[in-house]
Every structure is written in structure tokens, then in C-alpha cells.
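Everything below concerns the one structure shown next.
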Protein chains: 6
Amino acid sequence: MRSVPSRTPADSQSVLVRWMGVTDANSAGYVHGGAVMRYCDEAAGLAATRHSGRRVVTAAMDRMTFNEPVHVGEVVTFQARVNAAWRTSVEVGVRVEAEDPRSQTRRHTNTAYVTMVALDDDGRPSPVPALECTDDTERRREREAQLRRANRLAEREEIVRQRSA
Amino acid sequence: MRSVPSRTPADSQSVLVRWMGVTDANSAGYVHGGAVMRYCDEAAGLAATRHSGRRVVTAAMDRMTFNEPVHVGEVVTFQARVNAAWRTSVEVGVRVEAEDPRSQTRRHTNTAYVTMVALDDDGRPSPVPALECTDDTERRREREAQLRRANRLAEREEIVRQRSA
Amino acid sequence: MRSVPSRTPADSQSVLVRWMGVTDANSAGYVHGGAVMRYCDEAAGLAATRHSGRRVVTAAMDRMTFNEPVHVGEVVTFQARVNAAWRTSVEVGVRVEAEDPRSQTRRHTNTAYVTMVALDDDGRPSPVPALECTDDTERRREREAQLRRANRLAEREEIVRQRSA
Amino acid sequence: MRSVPSRTPADSQSVLVRWMGVTDANSAGYVHGGAVMRYCDEAAGLAATRHSGRRVVTAAMDRMTFNEPVHVGEVVTFQARVNAAWRTSVEVGVRVEAEDPRSQTRRHTNTAYVTMVALDDDGRPSPVPALECTDDTERRREREAQLRRANRLAEREEIVRQRSA
Amino acid sequence: MRSVPSRTPADSQSVLVRWMGVTDANSAGYVHGGAVMRYCDEAAGLAATRHSGRRVVTAAMDRMTFNEPVHVGEVVTFQARVNAAWRTSVEVGVRVEAEDPRSQTRRHTNTAYVTMVALDDDGRPSPVPALECTDDTERRREREAQLRRANRLAEREEIVRQRSA
Amino acid sequence: MRSVPSRTPADSQSVLVRWMGVTDANSAGYVHGGAVMRYCDEAAGLAATRHSGRRVVTAAMDRMTFNEPVHVGEVVTFQARVNAAWRTSVEVGVRVEAEDPRSQTRRHTNTAYVTMVALDDDGRPSPVPALECTDDTERRREREAQLRRANRLAEREEIVRQRSA
């Protein structure tokens, strides 16, 4: 029996918004891919902390895409949502959008999937609330998170098998 | 006759959200007042840019209050709204709220009023759209911005008068 | 009876000097208004710490003006002086000057008035030494600080009155 | 016929080494996962730049794992190697190791796989040299990169199929 | 005949003052020696720029001592003075003092001697004004700078002689 | 009798590698001399920590040269080696090389000699292992470190003698 009450994706949905400055970019004015990763990790950590009510650490970053570059002077929104919850970990999806505040045109620039583990006060993995999906979109996201996880495990096994062949 | 169409406060409302880290704080874990100011200025600049569609510069920071300290590890939201528009400048109000993501309790920590000037491509002050208030709250905010401005001018005159007395 | 001896403005006068670099500026080479605010707050905190001999926190930032932009490569001086002392707080005036070190021409770019509160070891407001003005200029500055404070309180009351009308 | 000569993994192998400081960590002294990601991206970008002789951008970050946390005060090595080269992109594997310099014990903390695209002077994808594997280990790494790529494409198709079902 | 008028040490004397924060220190609260070096270099560059009226680059850092550690929370003053001027370079002496603003006790923590070269607009070494010493202290400092320079050259020759022996 | 076993230079040889970004440079794209100093200090501290197995502090920076400027976008290697060990201190030599990763041309840009002191847990100087040179190059480096030290002491005495003359 599980004592922790379940939570919906909306309960922990998290948003970070930054106006990109010179320190996040190279000399040509493009924001470093690594800077975008860093803020995705931060947004994912925020959603996972809200879902679990605990300190969390990053366990994996999967399938992060860079569709279009981000420029200095753009306002970037990192929207994070818990897609699936397992025993002590969650998958958080992060959608990144960049906007030029003068023209107010907005572009979808990145997607990231981050797995985070909740820790208790002694630093050991700690159970997290179950995820309660409330509509079809949330159920689809959970199913895709399960698919990514299954693929990750299958890929690892395939690599081990090939190496020992 | 004014060729620039008017805009509502909602058209340019702007939000920045940051998770406060060690670099924003002193060694006791309190976020520097100056760091909070810096991000208020950034959020105000964003709203002014969206309202005017132009590059803007800060002309004045007025009546910024610090009700409660912000701590490292809190998520801080800077919500900026254009309160009033004059010929080439706007007053932007910024409301700052801090939240501990584990307990999800939220506190109103600061308010700031920032005056920003729009610039044309040669760096000269440039006309901004009029502000179209759509409800009583927006009209009240505009009236209070006018009051702050009148007081600012009266105070300056009073000081000049006293100095030359 | 007050046990803390009084102090003059000269006793706590404080100066910070920074050579402005790329990290303080936008991509066009102008130093962010928010960066200037941050260092004003720092200089004011230094003067208030020296006056009170205690840890201080920012309570308000008032009437900060931006007369002229500051550029990357300029040396900026933040000169802070206690203008008035009340029971547990002080108003600190900060004068900002920017200089191009090659031409050595110097410009007055900003003025800020910051109210700071002294804290005891438990984080509660703590009495500060009285301010002992020693000449007419210091007495004028104290009078103007009182005027700003009176206006601030009057403005707040006026706004409360209008909102409840 | 391809005019660009092929290159071996050793030709572009790249290493970054940083001593982790307070600015990379949270207040408990753990280095942010996002900071580790950022430096992985940097190391991968370096290897891809050396392989292609061109400016590169990040296209995807895959399968990054966080086996153990990194602490402030540890020296962290990011070793990047081109695993496979396609027409205009490469997969770079990054191995992260952390060492406490006093005890000199070294731990493998992370692995990351980053896909980078080479750009010509107009910012368009540009052909990269073929990868010439010189031993069995390099050939195994190339095979595993192909597997990751195939899985990535299959997963995307599976998700599209399910969504349209 | 030299067309550039001579300058006294007082003409270019330069001061930088910083309140040391967490980002300049290790986790134990001591400011990194390397951070102190960086600001010494900055202060020396400022004095050399003012003396020469030109852009300058660092040519050498000599005999920098660390008498006592600097702590987070101390205000540090970097006072730079041109000690000697040669054809296209100057030696700048930097005295570093740290002060705890609550107790207002001040300690001399470092001394550095930096050689800087002036550059013309094409980046080539450019003549600098002669140094005009106005009292015995300034003449002593110039003599000691000459001694350091002579020793530096003698040491280099001795090392070359030994290596080729 | 000495209880601490001796160590060779190879035992503690240390390398830091950074890809230089905008935050280390001025607006013209040249990396600040002070930034290079800071990383030299870091690399030297790493070698001294590995040699002594203890926390170390910088005691002096000597004879640091700047042969050529470093540019944003270059990868810079800081290679540190213990040249000589005395009772509680060591001299560490740091060789700095910068490389443009596209052309892969490498330049020797700086040399630094840093003296570091090992501290015990109470912050007092602590004995360090003797240095065991294993070939002629290491013995030459040790001899030159002794020469630098003798010159430093002689110079200090000469200055004291002149001042008291």
C-alpha cells in the first residue's frame, strides 16, 4: 500500500523564464547549447521537486533536440511537466520556446526529457507520489515516457549483448 | 493625430522566473537586494520593449520596497506590467514573489516602479503607443502612476526651492 | 537614553570602484541599468554597515535616476554617504560617476537613495547610532532625506485613501 | 567522390578539465547536473570543431547518464571523442571523470552522447570528413552510435504512428 | 626629442574597490589568490591606461606576495601607481588592503608589480610619457623598479647560460 | 628524519583546459591577463595539493610572462609541475598554451612560477614531501627554482638595505 497521495501533472508544472544575455552566448551572439541544457535541467528539477516535495538529482538526460538556435536578446521560456512517475524517479519533459520581445514572434527551439530521482534527508532514493493523468494528452505523454524508458533499457541490453558477443 | 495604435497592459505583460542560486546570495544564503533590483529592471525592460516595440533604457527606479528577504533555493517570479504611458516613456510596475518549491508556499517580497524610455535607431527618445486601460484595476494603477510622477516632480521642485532659499 | 555614540557622515562614507566589463553589459556595449542598481545597493550597504557596525538589509530603493548611460570600458565610482538615521534604519545617498580612463573625462550618471535596516544577531531590527551632521551641506542632505521619507509616507496614505474611497 | 580527407577519432580527441568551484554548485556543495551538461556540450563541440575544421552547433543530446554526483573541490575531466560521422553531422561521446585532488581517487561520473552539425560560413550544414576507425574499439563505438541513431529514428516514428493512430 | 609630455605618478594613480562575494571564494570562505591577481591586473591596467592615454596589455607579473588571506565579506582596495616608465612600457605597483566593514580594521594583504605595454591603434608598442618623480618616495620606488628589472634580465641570462653550459 | 615519502614531479603534474568564452575577455575579444593569471593560480594549486595531499594557499606569484595575447574561442591548456619543494612550500611552474581548434595551431603564450604553502587542518604551515627528481630536465628545473628563490631573497635584502641607507 502506498501512503503518498498521487499528484497530477498540473500540480507540479513549472516554468522558468530568462532574458538571454551576453554571458550565455558565444561572441557571434548565439546562446550556447550547453546553456540551454543547463536551464532545462533547472526547470526539470523544479517540477520534480514540486511533484515529490523532496530534494532531487538528475539521473539522465534523453533525447534533447536543438531545432533552432537561440539568440542573445531573446526571452526564453522553459516549461517543465512530469510525464511519468516510477518508484523513486520521474520523467520530466521540457519545452523551450524563444521570443524576440520587439516583434513578439515565438519559436519552439528545443525539447528535452530528463529523468530525476528524489532523495530523502540521508541522500537515499525516496518514493515519489504516483502520477494521476487527467486527460488523453497526459495519458499519451505518460505512454511515450514509458516507451522512451523501454527503448533505453533495450538499447543498453543490446549494447551489452554485442560487446560480450 | 497619433499614428501608433494604443496597447493594453495585457498586451505587454511580462514575467521572468529564476531559481535563485549561490551566485545571487551572500554567504548566509540571503539573496542580495541588488540582485533582486537587477531582475526587476530586466522584467520592466521586457514589458517596456513589448509595449513600445523598441529598444528601451531605464530612466528611474522609484519606491522599490523589500518586505521580506529572498533565500537561495527559492523560485522568484518577476511580473511586470505597464501602468502608464507618456509621450516617450512608460511606468512599469513589478511585483516580486518568492516560493519554496518543496512546500510551495508563496510570499510577496517586493514591489518596484521603473520608468523606461523608448529609443529610436539613433538612440533618441521615441514616441510610445498610448495605454488603453480595460478595467477599473488598470485605471487605478494608471492613476497611482500619475500620482507617483506628480510627487516626484513636486519633490524635485521643493528641493530646488529649499537649496536656493 | 541612547547608549550608542553618534557618528558623522564622514565616519561611514564608502566608495566602490569597478571597471565595467562585458558581463555587466548588453551586446551593444551599454551597462545594464540593473547592474548599476546592484552596485548602488552594495555601496549603500557598505556605508550602512560601517555606520551601524551591524549586518544590514535593504528596505527600500527610492528616486534612483539614470541621467546618462554607462559604457563597457568605463571606470565607475559608487560613492555612498549616510544622509539621515532613524531608530533602526538609515537613508544612504549614492552618487555614481563614470570615467573613460583614456580621456579621463568624468560624468555624473546616477543618483540613488537607499533605505537600509540594521539587524542584530537574531535578525531583528537593531538601533543605529544617531547621525551627527557637521556642516550645512550635511544638514541639507538630512533635511532632504526627511522630505523624501515624509513624501513616501504621504503617498502611501493617499493611495490607501483612494483605493478605499 | 569526396574531396575532404577522412580523419581518425584520435585526430580530434578533446579534453577539458575544470576545478569545480562554488559557482557551479548548489548550497549543499553538489555540482548542478546542468553545469555538467554544459561542459559536456563544450567538450563535444571542441571535438566536432577539430574533426570538421568548421564552426559547429549542437543538434541533440542523447542518453546522458548521471551515475554519481560531483562535488565542489573536485577536478573534473571531460574527454570527448568522435564516435561516428554522417554527411554533415557527427556523434561525439563524452566521458566525465571526477577526482578529489587530495586523495587522488577518481570516479567515472557521467557519459553523454552529443550530435553536432558542422556549418559553413553562411550558416548552412556543411559536409564533414569521414571517420576512419583504426581498431576494434573504435569500430565498436561507431556501431553503437549507429544503433543509437537507428533507435532514435525508430522511436520518433513509433511516437508519430501512435499519435496518428 | 620626445613630444609626449611627462606625467607624475599622481596623474595616473588608480584605485579599484570591491566587496568580496561568494563567487570570488572557495567553499571555506577564503578569496582565491587568483581572484586577487585578476583585480591587481585590472588596477594596474587602469593606471597604465591613464598614464599612457592608450590601450595597454600585460607583459609580466612580478614578485606578487600573499601576506594574509582575504575573506568573503571584506572590502578590498587595489591601489595602483606607476613606479617607472621605459620606452613603451611601465611598471605599476599595486598595494592591496582588506577591511572588515563592521570592525573597520584594515590589513595590508598583497603587493604586486605588473609590467604593462602601451599599444597604438594597430596593436604595436607605442611610446609612453616619461615619469616625472616629485619627491623622495617616488624616486625610491622608481629605483626599486629599475632594480627589479635589472634582476629579471640578469636572471634570464643566468638561466640561458646554465642551460647552454 | 622525515616521515613523509618523497614524490616525483610526475606524481603531481596537473593540467587544466578551458575553452575561452566571452566572460573572460574584453569587448575586443582579447582574454584579460588577469583571467590567465587566475587559471595559472588554479593549476598551480592543483599540483601543490596533489604533491602535499593538503589544502594549499598561494604565497607568491613570480616572473609571470605574457608572450602573446589569448583570444576568445581558443582552447587554453595550463600545465603545472612542481619544480622544487622546501619545508612547507613548493614552487610550481605553469606553462600556458593556446590553440585555435579549427586550425589546430598551438602557441606558447605564458609562463608562471607560483609558490604555494601547504596547511594543516588548523591552518598552520605543514611539511610537504621532498621532491625526487628523476632526470636531468627535472634537476635543471629544480636548480632554476632555487635560483629564483635566492634572487627573490637577495632583492628583498637589497631593497631593505637601500631604504635604510
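The values are calculated or read from the model by the stated rules, or taken from the named source; none is laboratory data. What you are looking at is a predicted structure, and each value in this text was computed from that prediction instead of being measured. Here Cβ is always computed from backbone atoms with ideal geometry, including for glycine, and neighbour counts include all displayed protein chains.
For the range B:97-112, check the following and say yes or no: at least one residue is closer than 29 Å to C:Glu68 by Cβ and of a type in the set (D, E, K, R). Spell out how you get there, then give the answer.
As a first pass, look at the range B:97-112 and keep what is closer than 29 Å to C:Glu68 by Cβ: B:110-112.
Now narrow it down to the ones that are of a type in the set (D, E, K, R): none.
Within the range B:97-112 (the criterion being closer than 29 Å to C:Glu68 by Cβ and of a type in the set (D, E, K, R)), the answer is no, since none of the residues qualifies.
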Fill in the blank from the handout: Only one of A:Pro101, A:Pro125, A:Pro129 is over 30 Å from A:Gly21 (Cβ atoms) and either crowded, with 16+ Cβ neighbours inside 10 Å or among the acidic types (Asp, Glu) (or both), namely A:Pro129
Problem - Selection from the range D:53-98 of residues that are more than 28 Å from A:Val56 (Cα to Cα), surrounded by fewer than 21 Cβ atoms within 10 Å (Cβ to Cβ) and among the hydrophobic types (A, V, I, L, M, F, W, C) - result: D:Val57, D:Trp86
Problem - Odd one out for D:Gly34, checked against (1) touching an Asp or Glu at 6+ places or on another chain (Cβ under 7 Å); (2) more than 14 Å from chain A (Cβ to nearest Cβ); (3) under 24 Å from A:Ser27 (Cα atoms) - result: (2)
Handout entry: Test: E:Ala44 is free of Cβ contacts under 8 Å to residues at least 12 places away in the same chain and of a type in the set (A, V, I, L, M)
Key = no
Handout entry: Checklist (1) within 12 Å of chain F (Cβ to nearest Cβ); (2) under 29 Å from B:Gly29 (Cα atoms) applied to E:Ala60, failing item
Key = (2)
Problem - Output for the range D:65-90, where each listed residue is touching a Phe, Trp or Tyr at 6+ places or on another chain (Cβ under 7 Å) and within 9 Å of chain A (Cβ to nearest Cβ) - result: D:Pro69
Exercise for the section: Answer yes or no: is there a residue in the range E:3-10 that is more than 8 Å from chain F (Cβ to nearest Cβ) and free of Cβ contacts under 8 Å to residues at least 60 places away in the same chain. Expected result: yes
Practice task
May I ask you to verify whether B:Arg18 is among the basic types (Lys, Arg), under 21 Å from C:Glu68 (Cα atoms) and surrounded by 20 or more Cβ atoms within 10 Å (Cβ to Cβ)?
Solution key: no
Exercise for the section: Considering (1) closer than 30 Å to A:Ala25 by Cβ; (2) in a loop (DSSP other than H, G, I, E, B); (3) away from chain B (no Cβ under 12 Å), say which one C:Arg18 fails and leave the rest. Expected result: (2)
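Condition first: touching a Leu at 6+ places or on another chain (Cβ under 6 Å), outside any loop (DSSP other than H, G, I, E, B) and within 22 Å of D:Val70 (Cβ to Cβ). Can you find one or more residues in the range A:26-38 that meet it?
Initial filter on the range A:26-38 (touching a Leu at 6+ places or on another chain (Cβ under 6 Å)): none.
The answer is no, given that none of the residues of the range A:26-38 is touching a Leu at 6+ places or on another chain (Cβ under 6 Å), outside any loop (DSSP other than H, G, I, E, B) and within 22 Å of D:Val70 (Cβ to Cβ).
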Practice task
Would you mind stating whether D:Arg50 is at pLDDT 95 or above, within 7 Å of another protein chain (Cβ to nearest Cβ) and over 27 Å from A:Thr111 (Cβ atoms)?
Solution key: yes
Practice task
Just need a number here: residues in the range D:91-106 that are in contact with a Lys or Arg (Cβ under 6 Å, 6 or more places away or on another chain) and either modelled with pLDDT under 95 or facing another protein chain (nearest Cβ under 10 Å) (or both).
Solution key: 2
Completion exercise
For the range C:137-153 the number of residues that are within 10 Å of chain B (Cβ to nearest Cβ) and under 14 Å from the mean Cα position of the chain (by Cα) is 2
Handout entry: For E:Thr109: the one exception among (1) under 26 Å from E:Asp11 (Cβ atoms); (2) more than 11 Å from every other protein chain (Cβ to nearest Cβ)
Key = (1)
Completion exercise
With criteria (1) facing chain B (nearest Cβ under 8 Å); (2) hydroxyl-bearing (Ser, Thr, Tyr); (3) part of a helix (DSSP H, G or I); (4) touching a helix residue (DSSP H, G or I) at 6+ places or on another chain (Cβ under 6 Å), C:Thr23 comes up short on (1)
Exercise for the section: Could you tell me whether F:Ser126 is farther than 28 Å from F:Ala35 by Cα, in contact (Cβ under 8 Å) with a residue 24 or more places away in the chain and hydroxyl-bearing (Ser, Thr, Tyr)? Expected result: yes
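Using the structure shown, decide if C:Arg50 is surrounded by 19 or more Cβ atoms within 10 Å (Cβ to Cβ), under 14 Å from the mean Cα position of the chain (by Cα) and of a type in the set (D, E, K, R). Before you say what the answer is, go through the steps one by one.
Details: surrounded by 19 or more Cβ atoms within 10 Å (Cβ to Cβ): yes; under 14 Å from the mean Cα position of the chain (by Cα): yes; of a type in the set (D, E, K, R): yes.
It is true that C:Arg50 is surrounded by 19 or more Cβ atoms within 10 Å (Cβ to Cβ), under 14 Å from the mean Cα position of the chain (by Cα) and of a type in the set (D, E, K, R).
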Exercise for the section: Determine whether the range E:22-31 contains at least one residue that is modelled with pLDDT of 95 or more, closer than 30 Å to D:Gly29 by Cα, among the β-branched types (Val, Ile, Thr) and in contact with a Ser or Thr (Cβ under 6 Å, 6 or more places away or on another chain). Expected result: no
